[in-house]
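Data block below; observations after.
The values are calculated or read from the model by the stated rules, or taken from the named source; none is laboratory data. Because the structure is a prediction, the values reported are computed rather than measured. Backbone-built Cβ (ideal geometry, glycine too); neighbour counts: all protein chains shown. These accessible areas exclude ligands, DNA and RNA; they are computed on the full protein's heavy atoms, side chains included. Shrake-Rupley method; radii C 1.70, N 1.55, O 1.52, S 1.80 Å.
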Amino acid sequence: MALDKIGIAKRIAQEVKDGYYVNLGIGIPTLVANYVPEGINVEFQSENGVLGMGPFPYEGEEDPDVINAGKQTITTLPGASFFDSAMSFSMIRGKHVDLTILGAMEVSEEGDIANWKIPGKMVKGMGGAMDLVASAENIIVAMMHVNKAGESKLLKKCSLPLTGVGCVKKIVTELAVLEITDRGFKLLERAPGVSVAYIQSVTEGNLIVEGEITEMQIF
Amino acid sequence: MKIISKIPKKITYFTIFADKYLNQMISKKVNSVEEALRGVTNDMTLMLGGFGLCGIPENAIAHLVEMGVNNLTCISNNAGVDDFGLGLLLQHKQIKKMISSYVGENEEFERQMLSGELDVELIPQGTLAERCKAAQGGFPAFYTPAGYGTEVAEGKETREFNGKMYVLEKAFEADFAIVKAWKGDEAGNLIFKGTARNFNPCMCGAAKITVVEVEELVPLGTLDPNFIHIPGIFVQRIFQGEHYEKRIEQRTVRPAK
């Protein structure tokens, strides 16, 4: 059974290590904050100028001056800080953020990522994505393995305008956990009940399968 | 007094002279949004603070609509929503060109852009902040890794440093920077609140004239010099905003316990 968005978020949350500063992109990545394991100390950075992002507020306590990068109302945790956009991107570009989690429309077997534009149809803009992918040491992409038409989104080469080149390290899709190596996509884990053969059939880019591929453990 | 008579004459003179300055801090205060935006004309390039609808100069934007200035180039991270923020200027067709990083919340914007009515330059958010800051701080240009290998780098110089590729980006040149702060004093010193800070500090002093609207304009001496976010030297005009709607784009809550 392919994972749903929450399943993907739960699996990615397992990659968050104690002591990490983490930036979460809009969409599935924001859900990751809800599933970080107990005992892991982490600070979430939001590119619009807050470190120590907390959960959504209770009803009636929303503050219009405290939002995240997706323009949602949030709270802050004890020890949080506010700062301006130039400083925020110094944190990102200057490699002070340990882990970046963001979505993608396409990823290539060389680690190129496209997530900001569909020419003629959707041109919302790149926001902070280009800064994030150009600078982060550790990037995990949350994405759908296939689009609605059943076509692979893990490609030999991206067809859409790029956000960054050669920057993706790890991907979690509804079907698999993969990493990018110098030989292409390498399959690390498969979603519960999903076969290696199926994953191979929907991965257009070069897919390396070595040894037995275990199922993801999602709690 | 015995003590004063023992102090050499020079120092006594300076001590008396210095008293003159107690009431002579440079005042940036203007009394209305009209005064604040005097001199904004058609064809100008404006910087506007804000992230989404958070920290936007609501009163200045409303007045720009009233002034009817058009053919503007606006540097601002987002374009507001259809009926608020910069969306109002778009609705009234006052903007010729937007320089932003993300415009997803505004359907009118996307429509004008896809139809070619509106010229749009989409640039990485960090680059946008830094191009403002470069203008504020006198740097003509800087190298950034953001956008290398993408269409953002087209036509721009690139250079390698320590085995990694970077793109040369230039400081903005703007006529007015229009900023929103939380509290400010008559000297133009500013404090920002929460995530309403965002681009506002980097835009102060980044254009020929910086105009700031504040929720509270306080007397000199109220703000502790240790906790000022932007010193008044970067500000030319400051006024108290009349009214703030502070619209929330996405009201997200968690369930009560």
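Counting the residues of the stretch B:47-81 that are more than 17 Å from residue B:103 (Cα to Cα), within 13 Å of the chain's Cα centre (by Cα) and not in a loop (DSSP other than H, G, I, E, B) gives 3. Is there a residue being under 17 Å from the mean Cα position of the chain (by Cα), buried (at least 24 other Cβ atoms within 10 Å of the Cβ) and touching a residue at least 24 places away in the same chain (Cβ under 8 Å) anywhere in the stretch B:213-225? Yes - at least one qualifying residue is present in the stretch B:213-225. As a summary of the residue check, residue B:77 satisfies the conditions (1) under 24 Å from residue A:89 (Cβ atoms); (2) without any contact (Cβ under 8 Å) to a residue 40 or more places away in the chain; (3) crowded, with 24+ Cβ neighbours inside 10 Å except for the one numbered (2). Screening residue A:100 against (1) surrounded by fewer than 24 Cβ atoms within 10 Å (Cβ to Cβ); (2) farther than 22 Å from residue B:192 by Cβ; (3) among the hydroxyl-bearing types (Ser, Thr, Tyr) leaves a single unmet condition, (1). Among the residues of the stretch B:139-167, just one is more than 18 Å from residue A:129 (Cα to Cα) and of a type in the set (A, V, I, L, M), namely B:141. When you scan the stretch B:161-177, do you find a residue that is more than 10 Å from every other protein chain (Cβ to nearest Cβ), of a type outside the set (Gly, Ala, Ser) and free of Cβ contacts under 8 Å to residues at least 24 places away in the same chain, even just one? Within the stretch B:161-177 (the criterion being more than 10 Å from every other protein chain (Cβ to nearest Cβ), of a type outside the set (Gly, Ala, Ser) and free of Cβ contacts under 8 Å to residues at least 24 places away in the same chain), the answer is yes, since at least one residue qualifies.
Could you tell me which residue of the stretch B:82-104 is farthest from the other protein chains (Cβ to nearest Cβ), considering only residues that are part of a loop (DSSP other than H, G, I, E, B) and open to solvent by 40 Å² or more (accessible area, probe 1.4 Å)?
At the first step, the residues of the stretch B:82-104 found to be part of a loop (DSSP other than H, G, I, E, B) are B:82-83, B:85, B:92-94, B:101-104.
Imposing the further condition that a residue be open to solvent by 40 Å² or more (accessible area, probe 1.4 Å) reduces the set to B:82-83, B:92-93, B:102.
Values: B:82: 14, B:83: 16, B:92: 22, B:93: 20, B:102: 4 Å.
Among them, the one singled out is B:92.
Just so you know, in the stretch B:105-116 the residues that are free of Cβ contacts under 8 Å to residues at least 24 places away in the same chain and in contact with a strand residue (DSSP E or B) (Cβ under 9 Å, 6 or more places away or on another chain) include one that is least open to solvent (accessible area, probe 1.4 Å), and it is B:112.
Any chance the stretch A:123-141 includes a residue that's away from every other protein chain (no Cβ under 14 Å) and of a type in the set (Asp, Glu)? No, the stretch A:123-141 contains no residue that is away from every other protein chain (no Cβ under 14 Å) and of a type in the set (Asp, Glu).
Considering the stretch B:240-257, and only residues there that are open to solvent by less than 80 Å² (accessible area, probe 1.4 Å) and among the hydrophobic types (A, V, I, L, M, F, W, C), the residue that is nearest to residue A:53 (Cα to Cα) turns out to be B:253.
Limited to the stretch B:179-237, what total is found for residues that are away from every other protein chain (no Cβ under 13 Å) and of a type in the set (S, T, N, Q)? Break it down stepwise before answering.
First, the residues of the stretch B:179-237 that are away from every other protein chain (no Cβ under 13 Å): B:184-189, B:207-214, B:216-226, B:228, B:231-233, B:235-237.
From what is left, the residues that are of a type in the set (S, T, N, Q) are B:189, B:210, B:222, B:226, B:236.
Final tally of qualifying residues: 5.
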